[in-house]
Amino acid sequence: ACDGRTFAIETARIAAANRCEDVAVLDLRGLSPLADFFVLGTGSSARQMHATLDRLREYARTVDRAAFRIADTSDAVWILADYVDVVVHLFDAAHREYYDLDGLWDEAPRIDWTEPGEGADS
């Protein structure tokens, strides 16, 4: 299994590759007992968000990670994939704005997941 930071970066890259927008990785270490990292992304449709979730689950299997919990609805306004130390949140635009996890955790450092040499594919 890969470490949480690497897993978070790779899931962010997968979300972006699947056309999620405004992808962010928040470093919550020392700030939250819930998780070490949040990965946030905005999807454009239920189909696209479910396809992204499928890709994330495929990747997780390749690094021997299983989701503790997946919370999903058929209309996909908010999909949550809880990997314990990394929690992935995929929202539609309205719910991303409404729940405002970006603002709630504004003190959390953002990790630049686009940096070459980071993550598992380097």
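Each reported figure results from applying straightforward, stated rules to the coordinates on display, with no laboratory input. Since the model is a prediction, treat every value here as computed from it, not as a measurement. Cβ placement follows ideal geometry from the backbone for every residue including glycine, while neighbour counts extend to all protein chains displayed.
Total residues in region 21-50 satisfying the condition of being assigned to a loop (DSSP other than H, G, I, E, B) and either under 23 Å from Glu107 (Cα atoms) or touching a Ser or Thr at 6+ places or on another chain (Cβ under 6 Å) (or both): the figure is 9. The set of residues from region 61-101 being on the phi > 0 side of the Ramachandran plot and in contact with a strand residue (DSSP E or B) (Cβ under 8 Å, 6 or more places away or on another chain) comprises just one member, Ala76. The set of residues from region 14-38 being in contact with a helix residue (DSSP H, G or I) (Cβ under 9 Å, 6 or more places away or on another chain) and either closer than 16 Å to Arg65 by Cα or crowded, with 19+ Cβ neighbours inside 10 Å (or both) comprises Ile14, Ala15, Asn18, Cys20, Val23, Ala24, Val25, Leu26, Ala35, Asp36, Phe37, Phe38.
So that you can scan it fast, the table gives a plain yes or no per residue for (1) within 20 Å of Asp27 (Cα to Cα); (2) aromatic (Phe, Trp, Tyr); (3) in contact (Cβ under 8 Å) with a residue 60 or more places away in the chain; (4) not in a loop (DSSP other than H, G, I, E, B):
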site	(1), (2), (3), (4)
Thr52	no, no, no, yes
Glu58	no, no, no, yes
Arg61	no, no, no, yes
Ala66	no, no, no, no
Asp75	no, no, no, no
His89	yes, no, no, yes
Asp102	yes, no, yes, yes
Trp113	yes, yes, yes, no
